[in-house]
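Below is one structure; the comments refer to it alone.
The values are calculated or read from the model by the stated rules, or taken from the named source; none is laboratory data. Keep in mind it's a predicted model, so treat the numbers as computed, not measured. All Cβ positions, even for glycine, are placed from backbone atoms using ideal geometry, and neighbour counts span all protein chains on display. The protein model used for the area step is the full one, side chains on, heavy atoms only, and it has no ligands, DNA or RNA in it. Shrake-Rupley method; radii C 1.70, N 1.55, O 1.52, S 1.80 Å.
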Amino acid sequence: MNKIVTLDEFIIRSEKETPHSSGSFSRLLRDIGIAAKIVNREVNKAGLVNILGVEGSTNSTGDDVQKLDMFTNEKFIETLSYSGEVCGIASEENQDFIPVKNATNTGNYVVVMDPLDGSSNIDVNVSVGTIFGIYKRVSDPNKPCIIEDFLQKGSQMVAAGYILYGTSTLLVYSTGNGLNGFTLDPSIGEFCLSHKNIQMPIAGNYYSVNQGYYLKFDLEMRRYIDHCSDLNYRLRYIGSMVSDIHRIMFQGGIFLYPNTRKYPKGKLRLLYECYPMSFLIEQAGGTALTCKLERVLDLEIKSLHQTSSIVMGSRDMVRDMKEFVEKYGVVV
Ligand code: AHM
Ligand code: MG
């Protein structure tokens, strides 16, 4: 029988392989694992304790905020604040970043997160997920964090990950040295290494897009989507990016959230959603571009809630999409 490797064990082992590691980054990753377990417990019993449903407020970009979103947001902020390794947190659910006041303000990292992505699915028991990214602070470590600590390009991220609360709960993360997945074993309460060094297929049969907006997409995207349909690719769209991407990670495919007339600059948030997911997709051997064919991780970020269009997934499928943009896109 193979020995089980828990998330904590894996993090410690990886730390030992990193020269001069202070252990603080490892502690931070472990804290994220703890927050994920707490949230998982609540997600699983949400229907029983009446924390489903719309909270009645809207988040900073105008979407309805569900009770479980609020709970998850609070739990992650609470856990990360106590960790001592973080000097600030920026969340999709908060208008501004949250400076963390440690006794010494020595936290070296900032965390960006979408605490519960796929909010339209919460009410109806469909899988949702948490997305996170970690940056090293760039400001004076003896002072509170500043906005520049958060407005760093995706390519400067030191780690990213997602947690999928699905039929099983999975935590998938990368520190820029490959991608690994851990499944929560509820009987022992531990995330156990289940998917080592994930590499996604270079092509696949799935495309994932909200086809309901078809007429609102630019011509080149409509042509590419027609092409997917011509090739009999299977359309799968859960509406929880974490779930849609997770499928693609293992079975190959392409995920698209292009700009629409309603969202001319795209809907998904660069800092909380696009950067971390692009980081993970690239770690798995895939590609993540905007509809203008820029590499997502290289985009400049000017504000916390900036949005972007995004097309990501299997290398060869994104390459095909690129050809459609080059052929039908309007050159400005
Ligand atoms: P959210 O952060 O409010 O949950 O929005 C992000 C979600 C993604 O998970 C998903 O891909 C997309 O929004 C679905 O949007 P739409 O309903 O417009 O297709
Ligand atoms: Mg989201």
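Below are the figures for this structure:
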{"item": "Karplus-derived HN-Hα couplings along region 244-253 (A = 6.51, B = -1.76, C = 1.60, θ = phi - 60°), whole Hz, x at Gly and Pro", "result": "5, 6, 4, 4, 5, 4, 9, 10, x, x"}
{"item": "Share of carbon and sulfur in the accessible heavy-atom surface of the chain [1.4 Å probe, %]", "result": "49 percent"}
{"item": "Of all DSSP beta bridges in the chain, antiparallel share, percent nearest 5", "result": "80 percent"}
{"item": "Whole-number percent relative contact order across region 141-238, with pairs defined as alpha carbons under 8 Å at least 6 apart", "result": "15 percent"}
{"item": "Value of relative contact order over the chain, rounded to a whole percent, pairs C-alpha under 8 Å and six or more apart", "result": "15 percent"}
{"item": "Spin-label pair Arg13/Lys153, simplified geometry with 7 Å Cα→Cβ offset, distance in nm", "result": "3.4 nm"}
{"item": "Note, ³J(HN,Hα) from phi for region 82-92, Karplus 6.51, -1.76, 1.60, rounded to Hz, x at Gly and Pro", "result": "6, 4, x, 9, 10, 9, x, 9, 10, 10, 4"}
{"item": "Heavy-atom accessible area per residue - the chain, 1.4 Å, Å²", "result": "45 Å²"}
{"item": "From phi via Karplus (6.51, -1.76, 1.60), per-residue ³J(HN,Hα) for region 135-141 in Hz, x at Gly/Pro", "result": "10, 7, 5, 10, 8, 4, x"}
{"item": "GluC sites (Glu not before Pro) restricted to DSSP loop in region 275-305 with at most 15 other C-beta within 10 Å", "result": "Glu294, Glu300"}
{"item": "Full-extension gain in nm, Val330 to Lys45, via 0.36 nm per residue minus C-alpha separation", "result": "97.7 nm"}
{"item": "Cross-link reach list, lysines versus Lys196, counting only Cα pairs under 29 Å and skipping chain neighbours closer than eight places", "result": "Lys3, Lys16, Lys37, Lys75, Lys136, Lys153"}
{"item": "Estimated 222 nm signal from helices in the chain, with DSSP H stretches of n ≥ 4 weighted -39500 (n - 2.57), rounded to 500", "result": "-9500 deg cm²/dmol"}
{"item": "Gain on full stretching of the segment that runs from Ser139 to Asp298 - 0.36 nm per residue minus C-alpha separation", "result": "55.1 nm"}
